[in-house]
Amino acid sequence: MDTAPASDRPDDQRQHHRPPYDEVQASPEFGELRTAHRSFAFPLTIAFVSWYLLYVLLSNYAGGFMGTKLVGNINVALVFGLAQFLTTFLIAWWYSRHAAAKLDPRAEAIKARLGDDA
């Protein structure tokens, strides 16, 4: 009886099978899921970071514009700052809807297939 660990056995003595997660990752369904996530998340992340950097740059270099009073003591900077919070919550809500409609059904199908193969 061979008592050597599997990693010490010659290749011809090891069982050659791929773990389930490797098979899932290589599947076209997983590729579609990854594409659906990335095509939503990456552009939105770039847009939000750009929006945030615009706020920071305007705050640093356009003090006169950001200090412009709109109503009473409310100025452009305050509106931009509050808009940052608003867009954060809006993006979270939008992503939640996107995930529920596009990502979760695909992930559940992959999970169900993985459960059937086990």
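Every read-out reported here was derived from the displayed coordinates using simple, explicitly stated rules and does not represent laboratory data. All of these numbers come straight from a predicted model, not from anything done at the bench. When we count neighbours, we look across all protein chains shown, and the Cβ atoms used for this are built from the backbone with ideal geometry, even at glycine.
Overview of results
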{"read-out": "Contour minus Cα-Cα distance for residue 73 and residue 94 (0.36 nm per residue)", "value": "4.4 nm"}
{"read-out": "Point-to-point label distance, residue 57-residue 107, nm (Cα→Cβ direction, 7 Å offset)", "value": "3.4"}
{"read-out": "With eigenvalues of the C-alpha gyration tensor scaled by 5 and rooted, the stretch 28-116, Å", "value": "41, 13, 6"}
{"read-out": "³J(HN,Hα), Karplus 6.51/-1.76/1.60, whole Hz, each residue of the stretch 84-93, x for Gly, Pro", "value": "4, 5, 4, 5, 4, 5, 4, 5, 4, 5"}
{"read-out": "Model label zone, residue 116; criterion: amide N under 20 Å from point 7 Å along Cα-to-beta-carbon; scope the stretch 17-46", "value": "18-34"}
{"read-out": "Other-chain or far-sequence residues with amide H under 5 Å of residue 75's (modelled H)", "value": "70"}
{"read-out": "Scattering curve values for the stretch 52-101, log₁₀ I(q)/I(0), Debye with Cα scatterers, q = 0.20, 0.21, 0.23, 0.26 Å⁻¹", "value": "-0.69, -0.73, -0.80, -0.91"}
{"read-out": "Extension reserve of the residue 82-residue 39 stretch, reckoned as 0.36 nm per residue once the Cα distance is removed", "value": "12.7 nm"}
